[in-house]
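Computed from the coordinates by the stated procedures, all read-outs in this text should not be read as laboratory data. Remember, predicted model here, so these are calculated numbers, not experimental data. Virtual Cβ from ideal backbone geometry, glycine too; neighbours counted across all protein chains shown.
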Amino acid sequence: MPVIMGTAGHIDHGKTSLVRALTGIDCDRLAEEKRRGITIELGFAFLDLPDGSRLGIVDVPGHERFVKNMVAGAAGIDFVLLVIAADEGIMPQTREHLEICSLLGVQAGLVALTKADMVDEEWLEMVRDETARYLEPTFLGGAPMVPVSAVTGQGLDELRAAIAALAAGFAPRRRSDLFRLPVDRVFSIKGHGTVVTGTSLAGKIAVGEEVQVYPKGRKAKVRGLECHGAMVNEAPAGVRTAVNLGGLEVSELERGDVLARPDSLFPSQVWDVELTCLASTPRSLKHRKEVHFHHGAREVMARVYFLDREELKPGDTALCQVRFEEPLAGVYGDRVVLRSFSPLRTIAGGRIVNPLGRRVRRFSSQAKGIEALRLGQGEDVLRAQLELVGPSGLTQAQLLILTDMESKALEKALGLLGGRQEALQFDRETRTYVAGSVVAGLIDCLTRFLGEFHRREPMRPGLARGELASTWGRELPSKLFHFLVERAARQGTVTLENDLFRLPGHRVSLASDTAKLREAVLTAYEAGGLTPPNLKDVLGPLGVEFKEAAPVFKMLQDEGKLTKIKEEMYFATPAVTGLTDRVRAWFAAGREEMEPSDFRDLSGLSRKYSIPLLEWLDKEKVTVRVGDNRRLRKRDAVG
C-alpha cells in the first residue's frame, strides 16, 4: 500500500533543501517563498525507492505563523522525517511539530541532523546525544538518526536507505474503503479547469466517477487524476493525488473541504472526541474554552464541552463534545488537533469517537454512554453506536463513518449481531438498523402502555393500529413502529386480533354490578325503540353517573347493540336499522323528496327525535338535505 512521509521541524532547519537534495524537486513554488527563503505553503514531492515503489513526501512550513498549514499537511502522513539543524539543535517548532505528529497518531519516523557540514564532530556528537535524550520518551525514541548536508551530499545515501527500509516495513492502517480526500490546495490549470490536491485517506477513486464536496454538498465529475506526477485512471488510498474536477469553479472550493462519494459523509455540528491535553501545556483546558480546531486540512473555531469535569489538566485524557458554528464531515478514529486562541500554540489533540454527536447533558447517563465508544473496536463500537442513537436508528452508510470499518467487514458484523438479535434492520429500503437492546426496551414499554390502557378502558377489546401509532408510537419512525408491533405480535408479547392490539391475557369482562348495568341499559333502550329513554331516567335509579357508565355504552356500540345518534342520545340499533329500511322503501315507491312532515308520518315521532334522526341519516349518507327536505343519495339508491 502506498506510503506518505511528512517533514517536520523548526524554521530554517533545512527541510525543503533536504527534500530537494533527496528528490530533485523544489517544494517552494511561490515567489514569496523564494524571495523570503522560507516555506509558507505545503510542498509535495516523491522519492523512487529501490523496490520500485514511489514514496510520497509532504514538506511542511516550519515558521510558527504557519503551523496551521503544517497541521493540514501532517494530517495524511504515515511517518515523519524530523529535521533538526546540527548547528542549533532542538528549537520551539521542533517540539511543537513533534507534539502535533503525536496527537495526529503518527507512530513512526526517523531523524535527519541537517547542516552537518557546518559543525565539527564533537559538536555533532553533542547534538546527537541531546536529541536522542529528548526523543527517548516520544514515538521517535530509538529511531534512526542520520547526519546529512544538502550542500555537500554528506549522508544522503544513508538517509535514502533508512527511509526505504522504514517504508518497506511500514503497514499503514487504512481499514475503511470509504473514499475521502481532504483538500489542501485548490487552483486552476489553463485548459483543464479546477484542480484540487490532497492525500486520499481511504478507498479509491476513478476517472469518470461523481464526487461530492463536503460540507458544502456540491457535486462534480472527476475529469482526470494525477499521482506523483503521473496521469492515472484510478487513485488508491495513501497517495498524493491531484483531481481535475468538472462542473466546479475554484471559488466554490477551499482548503479543508473533503472530496468523497455522494451521500457517503454526514456533516455535523457536534462531535464526541477523546481528548488529551499536552503535558507541556502551561495550564488546564477549561470547560467551554474556545479553540482553533484542526481536522484534516480544515481549521475552524470551536468550543470544548467536557462531559464529566470542569477542566482537563495537562497530561490528562477525557471525553468531550466539540461544537462548531457550521457542520464538519468526519469519521470515527480521525485525529484532531487543538490550538489555543491566545497565545496561539498547540495545547491538545485526540480522536473522534462519534462524528454524529448530539448535545447531551453533562454528568448524565447519555454522557456515560459515550464512554463505551472510546473503549471498544469493531463490533463493540458498532453495538455502542446503535445503543447510543436509540430509536432513530442508523443507516448502513452512517455506520460506515461511525465505525471506520471496511464495508464488507461491516456487513459481516451486522449479520453476526443480527443473528444474536443485537442489531436489527427495520427498514430494508434505507438499510436502517436499531440496537436489539433498544427494541427490547421499546417492546417492554409497549406492553406497559397496553397494560395501562386496559386498566383505564377495561370495556375496550384493544387498540387499533392507527390509534396505537398516534399515541404510543407518535415519536417513533413509522417503519420502526410497524416493525416493533409486528415483532411483538410474532413473539406473543402482544396479541393482534381483528386488527386490534391487546395483551394476551386481556378479555373484555364485566364485574357482576357492571353486568347488571349493561343489562339494565340494553333493556331500557330495546324497550324504548324509536322513543328511547333519557339518559338520566336510565342511570338515575341505578345511582350511576354517565362518566362511570360510558365504558358500558361504548362496549354496547362496539357490539352493535346501541347506535349513538348525537351526544347523550342513543337508540337500540334494531330500531334505527328498521327505520332506515322504511325510509329507503318510501323513496323506492317513486317519491323524490321527503318533507319533515312525511318523515313524522312515516316514523310517528315528535320533533324531539325526528330532527336528530334526520340529521343522523344525512351523516350516514342515506339521505342528503335539500333545503328543509331530504332526497335519497344516488349512491345509496344504486346500492
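In terms of Cα atoms, the Rg and Dmax of the range 219-303 work out to 17.8, 50 Å. Using only Cα coordinates, the Kirkwood hydrodynamic radius of the range 268-371 works out to 13.4 Å. Using only Cα coordinates, the Kirkwood hydrodynamic radius of the range 511-639 works out to 15.8 Å.
With a Förster radius of 35 Å applied to the C-beta separation of S597 and A527, the computed FRET efficiency comes to 0.80.
Rounded, prolate or oblate: which fits the range 180-260, taking a ≥ b ≥ c as square roots of the Cα gyration tensor eigenvalues, rounded meaning a/c under 1.5, else prolate when a/b beats b/c? In terms of gyration-tensor shape, rounded. If exposed means no more than 13 neighbouring beta carbons inside 10 Å and the site is in a DSSP loop, what's the longest run of the chain without any exposed chymotrypsin sites (Phe, Trp or Tyr not before Pro)? Maximal segment without exposed cleavage sites: 1-340. Taking the helices alone, the chain has a mean residue ellipticity at 222 nm of -10500 deg cm²/dmol, built from -39,500 (n - 2.57) per DSSP H run of at least 4 residues and averaged over all its residues.
Anything over 31 Å Cα to Cα? Flag those among K608/K634; K216/K408; K115/K190, in the order listed. From K608/K634; K216/K408; K115/K190, over 31 Å: K115/K190.
Peptides 106-114, 354-362, 229-237 ranked from most to least packed give 106-114, 354-362, 229-237, packing being the mean of other C-beta atoms within 10 angstrom over each peptide's residues. Of the GluC sites (Glu not before Pro) in the range 292-388, the ones in a loop by DSSP (not H, G, I, E or B) with at most 11 other beta carbons within 10 Å are E310.
How high is the FRET efficiency between C445 and R288 when r is their beta carbon distance and R₀ equals 35 Å, given to the nearest 0.05? With a Förster radius of 35 Å, E is 0.50.
Partners of K561 within straight-line reach, counting aspartates and glutamates whose Cα lies under 20 Å from its Cα and excluding those fewer than 8 residues away in the same chain: E457, D513, E519, E526, D537, E548, D581, E620. Give me the lysines in straight-line cross-link reach of K368: C-alpha distance below 22 Å, same-chain residues under 8 apart excluded. Candidates past the 8-residue exclusion: K286, K289, K313. Sequence-distant contacts, meaning Cα pairs under 8 Å at least 6 residues apart, place the relative contact order of the range 533-639 at 19 percent.
List the pairs from K15/K204; K516/K564; K412/K479 whose alpha-carbon separation is above 26 Å, in the order I gave them. Among K15/K204; K516/K564; K412/K479, the Cα-Cα distance tops 26 Å for K15/K204. The loop-placed GluC sites (Glu not before Pro) in the range 570-639, going by DSSP, that have at most 14 neighbouring Cβ atoms within 10 Å of their Cβ come out as E592, E593, E620. Eigenvalues of the alpha-carbon gyration tensor of the chain, scaled by 5 and square-rooted, set the equivalent ellipsoid semi-axes at 79, 27, 20 angstrom, largest first.
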